[in-house]
Amino acid sequence: SKHCVKLDNRTANVTVKPFELGMGFHFELHVTISGKKISVSEIPELPIPKDWMRDKLELHFYKTKKAAGGGEIENVAYNKGSGTAVITFLRPG
């Protein structure tokens, strides 16, 4: 559990300690569909980085490909302040 790490010509002794990951988040999204784009609103503000939320939205809408008309994502424009996002797909559907 103890390691020696070299950083910028210095050596640091570090100790690895276990930690618990927090519970997952469950939330409801409101969606408006139009051609290649989906507008998502009422995205709750969660204590995660903006990039993580963008990745979660991309994964969610990519995974719905078979079940609900999702597919390959071209872009995710997420606005944390307003709790909205616009997901653009590669192909209309």
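What follows draws every value from the coordinates through simple rules; no lab data is involved. This structure is a prediction, so every number in the text was calculated from the model and none was measured.
For the range 37-89, count the residues as N, evaluate 2.2 N^0.38 Å, and divide the Cα radius of gyration by that value, please.
Details: Rg = 10.7 Å, N = 53, 2.2 N^0.38 = 9.9 Å.
For the range 37-89, the normalised Cα radius of gyration comes out at 1.07.
If the chain between L46 and L7 were fully stretched, how many nm would it gain, using 0.36 nm times the residue separation less the Cα-Cα distance?
Numbers: separation 39, 0.36 × 39 = 14.04 nm, distance 3.33 nm.
Length gained, L46 through L7: 10.7 nm.
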